[in-house]
Amino acid sequence: EEATYGQLATATDRFAAALTRLGVGRGDRVFTLLGRVPELYVTVLGTLKHASVACPLFSAFGPEPIRQRLDRGDGRVLVTTPAMYRRKVAPIRSALPALRHVILVGAAEASLDADGTLDFDHLLATAPAGFEIPPTDPEDMALLHFTSGTTGTPKGAVHVHDAVVAHHATGTSALDLHPEDVFWCTADPGWVTGTSYGIIAPLTHGVTSVVDEGELEVERWYRILEEQRVTVWYTAPTALRMLMRAGTDVARRHDLRHLRFVASVGEPLNPEVVVWGQEALGLPI
């Protein structure tokens, strides 16, 4: 699928207007439990426009991690899929009295159903196209992320609206983004990198962003790099090590001449991967 900046602007206006119709207030938390699908990006950006707080969750979480974060974050809205709702949210919904609205992406019904859920497409289709973005203070909450929970109860980490200045600046200084770039950030928006540098920073630079819904598959990843003519690639050491194990020959079978910058994030990068990048991609990581 392709989406232009204009189409994204219209869809996010409609989502912001839909939040207003649902009675969602300024600063209310809007959670997502979705894979890397277009509706995730529309929800996050529409929530920011509305001056509510976007809270992306990792879609692989089970019911208890989801409950913890929705409870601690005082979630008022959750956008998810019917399958994830049935498996992971419906069993815990009674323990989340603050959760007023569950919006389903890809639901069969175009209205409120027996579970007290709403249909994403129907909400957008019936919402007005125009939306006047309210003024925000630089210190107003914009994003709420949670730590992984490996060292105790997950802790909420707040990004304010002024954080977009840092997202934009580091898009320049750390990732060297220019408007003509084709940029691919493989991180899931359920974690901070996937939101800061998978959604916000690239859009502030006017680049073309590539989004892949699937998990790592060596041949497909190289095909994406080649066919989409990716110029700047932002990924993780774990993924790079998996590609390295597949060998340099796999990389060399693909035309990666457009690639000019590869960066990694999430943990320290071992020297072998840097050397492999030079051999396989013609670029140090």
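The values are calculated or read from the model by the stated rules, or taken from the named source; none is laboratory data. All values reported here derive from a predicted model rather than from experimental measurement. Cβ placement follows ideal geometry from the backbone for every residue including glycine, while neighbour counts extend to all protein chains displayed. Ligands, DNA and RNA are stripped out before the accessible areas are found, and what is left, the full protein with its side chains, is counted by its heavy atoms. Shrake-Rupley method; radii C 1.70, N 1.55, O 1.52, S 1.80 Å.
Looking across the range 6-20 at every residue that is under 20 Å from ALA142 (Cβ atoms) and among the hydroxyl-bearing types (Ser, Thr, Tyr), the one that is most open to solvent (accessible area, probe 1.4 Å) is identified as THR20. Exactly one residue out of HIS254, HIS258 is in contact (Cβ under 8 Å) with a residue 12 or more places away in the chain, in a loop (DSSP other than H, G, I, E, B) and either closer than 19 Å to TYR5 by Cα or in contact with an Asp or Glu (Cβ under 7 Å, 6 or more places away or on another chain) (or both), and it is HIS254.
Out of LEU144, LEU123, LEU118, which single residue is out of contact with any His (no Cβ under 7 Å at 6 or more places or on another chain) and part of a strand (DSSP E or B)? So that I can check it myself, show each step before the final result.
Working: LEU123 fails: part of a strand (DSSP E or B); LEU118 fails: out of contact with any His (no Cβ under 7 Å at 6 or more places or on another chain).
Matching residue, one of LEU144, LEU123, LEU118: LEU144.
Scanning the range 42-94 for residues being of a type in the set (Asp, Glu) and under 24 Å from LEU124 (Cβ atoms) gives a total of 0.
Scanning the range 137-147 for residues that are open to solvent by 60 Å² or more (accessible area, probe 1.4 Å) and in contact with a helix residue (DSSP H, G or I) (Cβ under 9 Å, 6 or more places away or on another chain) returns a single hit, PRO138. Counted as qualifying within the range 173-241 are the helices (runs of 4 or more DSSP H) with 1 or more residues that are among the hydroxyl-bearing types (Ser, Thr, Tyr) and open to solvent by 40 Å² or more (accessible area, probe 1.4 Å), namely 201-204. Just give me the residues in the range 261-285 being touching a residue at least 40 places away in the same chain (Cβ under 8 Å) and not aliphatic (A, V, I, L, M), in sequence order. If the condition is that a residue be touching a residue at least 40 places away in the same chain (Cβ under 8 Å) and not aliphatic (A, V, I, L, M), then PHE261, GLY266 are the ones that fit. Against the definition (among the acidic types (Asp, Glu), under 21 Å from PHE15 (Cβ atoms) and assigned to a loop (DSSP other than H, G, I, E, B)), how does GLU139 come out, yes or no? For GLU139, the condition - among the acidic types (Asp, Glu), under 21 Å from PHE15 (Cβ atoms) and assigned to a loop (DSSP other than H, G, I, E, B) - is not met.
Only one residue in VAL158, VAL105 is touching a strand residue (DSSP E or B) at 6+ places or on another chain (Cβ under 9 Å) and open to solvent by 60 Å² or more (accessible area, probe 1.4 Å), so which one is that?
Numbers: VAL105 fails: open to solvent by 60 Å² or more (accessible area, probe 1.4 Å).
Going through VAL158, VAL105 in turn, just one is touching a strand residue (DSSP E or B) at 6+ places or on another chain (Cβ under 9 Å) and open to solvent by 60 Å² or more (accessible area, probe 1.4 Å): VAL158.
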